[in-house]
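Heads up, the thing below is written out as structure tokens.
Derivation of every value follows stated rules applied to the coordinates shown; laboratory data play no part. As the structure is a computational prediction, the values presented were derived from the model and not from experiment. Glycine also receives a Cβ, built like all others from the backbone with ideal geometry; neighbour counts cover every protein chain displayed.
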Amino acid sequence: MSEIAIRALTSADFEEVEAFLAVHFFKQEPLMLIPQPDSAQSEVIPAESELHRSLLAQGLSLAAIDRSNGDRIVGVVLAGEMVPEDLEREFQEVEQKEVKCLLDKIHKFLAGIERRANIFKHFGVERALYLYMLGVDTSVRRQGVGSRLVAATIELGREQGFPVMASTCTNLHSTRLMTALHMECVLSQNYADYKDEHGEVILRPADPHTKASVVGIRL
């Protein structure tokens, strides 16, 4: 039986976190599993490395570790501070960037829904702790590891004086997990309604993952 504990992540964990996410997030997240032409699927993971490194440096990310297995990382939350200016800056960056791969399509979609949700206006705050990524080792799924990580992130946000914690759930599992922890759904968008200039649906994850939701909770 696994003995799971939660610990803080630091910049020193970067290589281990990247290796973990490559297997337990990027190869499991339904949006990342949408079939693409080879040219559109390549180099998607390295593009995220700069963001991951910057989030780890903030000291607001957490890991679940298996004490019974050499403190092996079995879950990761990457989180960081967000302010209102970040919403517009990230939206403008993705709007100006040429879409070359699946991750670019995902980033453009997420920047749009997060800008429309505008958690700062919704909650009336000027800063928030934003949970960017949650990954859990397949060997410990259905043991509450994801819920413990998100709950610990909420508590960390309180300890650090954040008025709100928020996240964007891109699949049914994460939406259920976070709303079960009393996070409010601020805005949802069906993937079927996100289309290109030709009326073609851009993102088609497998059922039952039909929509993305921006969620948040006052701390």
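For the chain, the 222 nm mean residue ellipticity estimated from helices alone, with every DSSP H stretch of n ≥ 4 adding -39500 (n - 2.57) and the total spread over all residues, rounds to -11500 deg cm²/dmol.
Length available on full extension from Asn69 to Lys97: 0.36 nm per residue minus the Cα-Cα distance, which gives 5.8 nm.
Extending 7 Å from Cα along the Cβ direction at Glu85 and again at Val201 yields two label points whose distance is 3.9 nm. Length, then width, then depth: along the principal axes, the Cα atoms of the chain run 53, 42, 31 Å. Charges were assigned to the Cβ only: +1 to each Lys and Arg, -1 to each Asp and Glu. The resulting dipole of the chain about its Cα centre is roughly 760 debye. Over the C-alpha atoms of region 127-219, the Rg to Rh ratio, Rh being the Kirkwood estimate, stands at 1.03.
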